[in-house]
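A quick write-up on the structure given underneath.
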Amino acid sequence: MRVKEILQSPEAIGKSLEAKGWIRTKRGNKNIVFIALNDGSTIHSIQVVINAPDFPEDLIRQLTTGACIGIKGIVVQSPGKEQSVEIQADDITVYGSANPETYPLQKKGHSLEFLREIAHLRPRTNTFGAILRIRHALAFAIHKYFNDNGFYYLHTPIITGSDCEGAGEMFRVTTLSASNPPVLKDGKVDFSEDFFGKETSLTVSGQLEGELGALALSRVYTFGPTFRAENSNTPRHLAEFWMIEPEMAFYEIDDNMDLAEDFLKSLIRYALDHCRDDLEFLQKMYDGELIDRLTFILDNTFERITYTEAIDILVQSGEKFEFQVKWGVDLQTEHERYLVEKHYKKPVMVTDYPKDIKAFYMKQNDDGRTVRGMDVLFPKIGEIIGGSQREENYDKLKSRISELKLPEKDLWWYLETRLFGTAPHSGFGLGFERLVLFITGMGNIRDVIPFPRTPKNAEF
Ligand code: 4AD
Ligand code: MG
């Protein structure tokens with residue numbers, strides 16, 4: 001039985017069963033040995049009690065932190081205060097020992113930085129067990145939310161020929177020789193000889209294809225890996241991250257904001273309802289205010305302001321920012337966090353950004369200088385969601401593409417949706433790791449994805 005089931009079922013008491021897992025700790029003496037056995041099914045370990053003289057000495061010696069074992073025995077009520085039940089071992093199998101001289105995860109207190117260097121083993125710590133279970137629960141809750149609300153999961157491509165965000169931060173995908181690629185007369189690489197017969201990259205967003213789906217199925221979402229070659233070494237950026245992107249026909253910007261708020265709240269509620277043990281562990285170890293902060297989000301309506309209002313607040317704040325604020329500049333994390341943590345003291349949704357700092361696809365407002373973009377800003381995180389109403393007018397979209405000198409030839413199919421049966425539509429992207437970061441209360445995005453990809457780091 002899995003440890004979680006044993007601990008949760010009172011009817012297990014008195015029964016003989018088998019548990020398998022990894023030894024977290026071992027203590028005792030030459031007569032009696034206590035083992036904390038964990039199989040990752042829950043933050044809690046089960047205590048195994050071993051009457052040492054009943055077993056060969058050599059076997060007892062192999063029971064060290066990190067070893068993988070199977071225990072057959074009777075479940076009994078525990079006399080100890082720490083746990084309700086324990087297993088009295090009748091039979092022990094050692095699947096894999098772990099030399100105490102070299103096994104890096106000894107009992108206590110490793111720094112998160114050190115654990116990043118042993119990402120192949122860190123899932124065996126309580127901290128990463130908790131984070132990975134919460135991450136799983138949230139992924140499930142996301143699919144459930146959309147399924148319950150009539151959205152279809154659309155699988156958008158990972159290899160693409162277009163740069164959705166137009167920021168030029170794409171990783172190239174090629175099978176051409178790096179040392180001796182075919183070249184054209186002018187010396188440029190001849191991509192017509194490449195695998196796809198053109199230049200391709202890893203996607204930065206599934207949105208453009210998501211829009212095609214919304215203009216047929218009305219409500220779709222993507223949930224997949226996205227890639228950005230931005231050289232941002234911050235606690236909130238990854239080069240490979242997962243993004244959830246709903247896209248809805250007949251939604252205007254206000255509907256989009258309503259959905260974003262309801263969606264985020266439902267995910268937080270799901271975590272509070274289904275991941276309580278793990279959240280309590282993380283609260284105890286890392287962040288004393290974690291559960292209060294999560295509950296606070298549920299209990300408060302997100303503030304909705306325009307970019308212009310946000311700039312006014314920041315300018316009048318008298319705060320010394322590293323990046324100066326004036327109308328037209330992009331909001332930096334320090335500005336976003338000021339609005340959320342100091343000014344409104346709750347999540348904030350900012351809309352109507354200057355068109356020059358946002359992507360080409362956002363719907364243009366009548367003022368000629370702003371677009372119907374929308375960012376959701378969270379405490380500790382800053383931007384957690386970026387989205388917009390989309391420009392559905394063919395001529396306006398086409399002229400924006402040429403104004404920005406984007407390659408229209410790569411976007412012909414996108415433009416064509418505005419020629420045939422176009423419709424008002426909106427959507428947004430939620431960075432999955434930023435969500436997990438917020439919900440676990442961890443401080444660094446490298447600690448909420450199993451194997452982080454960041455500049456100069458692609459180990460494991
Ligand atoms: O604001 P972004 O760039 O928006 C888009 O990609 C749109 N196409 C989304 C849409 O409208 N469908 O990214 C969306 C979110 C951000 O708010 C942030 O949470 C996350 O993706 N994000 C990152 N997360 C981790 N590492 C990075 N380098 C990220 N870049 C963006
Ligand atoms: Mg953004």
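The values are calculated or read from the model by the stated rules, or taken from the named source; none is laboratory data. Because the structure is a prediction, the values reported are computed rather than measured. Cβ atoms come from the backbone with ideal geometry, glycine included; neighbour counts cover every protein chain shown. Ligands, DNA and RNA are stripped out before the accessible areas are found, and what is left, the full protein with its side chains, is counted by its heavy atoms. Shrake-Rupley method; radii C 1.70, N 1.55, O 1.52, S 1.80 Å.
Quick notes
- Accessible surface, 1.4 Å probe, highest first, among residues Lys185, Lys108, Lys398, Lys198: Lys185, Lys108, Lys198, Lys398
- Region 212-351, accessible surface, carbon-and-sulfur percent (1.4 angstrom probe): 45
- Between Lys409 and Asn444, the simple spin-label model (points 7 angstrom out along Cα→Cβ) gives 4.5 nm.
- For the listed residue pairs Lys320/Lys346; Lys363/Lys409; Lys355/Lys405; Lys26/Lys108; Lys326/Lys396, the alpha carbons are over 24 angstrom apart in Lys326/Lys396.
- Å² of accessible area per residue within the chain, as computed with a 1.4 Å probe and no ligands counted: 49
- Antiparallel bridges, percent of DSSP beta bridges restricted to the chain (to nearest 5): 90
- What separates the Cα centres of region 354-382 and region 19-35 is a distance of 57 Å.
- The label point for Lys396 and the one for Ala139, both projected 7 Å from the Cα toward the Cβ, are 3.8 nm apart.
- Cα gyration tensor, region 414-460 - rounded (a/c under 1.5), prolate or oblate: oblate
- With all protein chains modelled, accessible area of Lys358 [1.4 Å, Å²]: 40
- Full-stretch length increase - Gln324, Thr174 - with 0.36 nm per residue and alpha-carbon distance subtracted: 50.0 nm
- Positive-pole candidate from Val173, Ser41, Pro104, dipole of the chain, charges at beta carbon: Pro104
- Point-to-point label distance, Phe195-Thr308, nm (Cα→Cβ direction, 7 Å offset): 4.8
- Cα gyration tensor category, rounded, prolate or oblate, for region 112-257 with a/c compared to 1.5: oblate
- Glu82-Lys185 FRET efficiency (beta carbon distance; Förster radius 60 Å; 0.05 resolution): 0.20
- The shape of the chain comes out prolate: with a ≥ b ≥ c from the C-alpha gyration tensor, a/c is at least 1.5 and a/b beats b/c.
- Scanning residues 5 or more positions from Gly429 or on other chains, those with amide H under 5 Å from its amide H are Gly386, Gly387, with H placed 1.01 Å from N in the peptide plane.
- For the pair Asn31 and Asp148, a Förster radius of 56 Å applied to the C-beta separation gives a FRET efficiency near 0.50, rounded to the nearest 0.05.
- When Thr308, Thr65 are compared by accessible area of protein heavy atoms, the largest-first order is Thr308, Thr65, using a 1.4 Å probe.
- Contact order relative to length of the chain, as percent, for alpha carbon pairs under 8 angstrom and 6 or more apart: 13
- Region 113-144: chymotrypsin sites (Phe, Trp or Tyr not before Pro) falling in loop per DSSP and having at most 16 other Cβ within 10 Å: none
- Basic side chains Lys and Arg get +1 at the Cβ, acidic Asp and Glu get -1 at the Cβ, and with that the dipole of the chain about its Cα centre reaches some 1240 debye.
- The alpha carbon radius of gyration of region 43-117, expressed as a multiple of 2.2 N^0.38 Å, is 1.29.
- Each part reduced to its alpha carbon centroid, region 216-247 and region 250-323 end up 19 Å apart.
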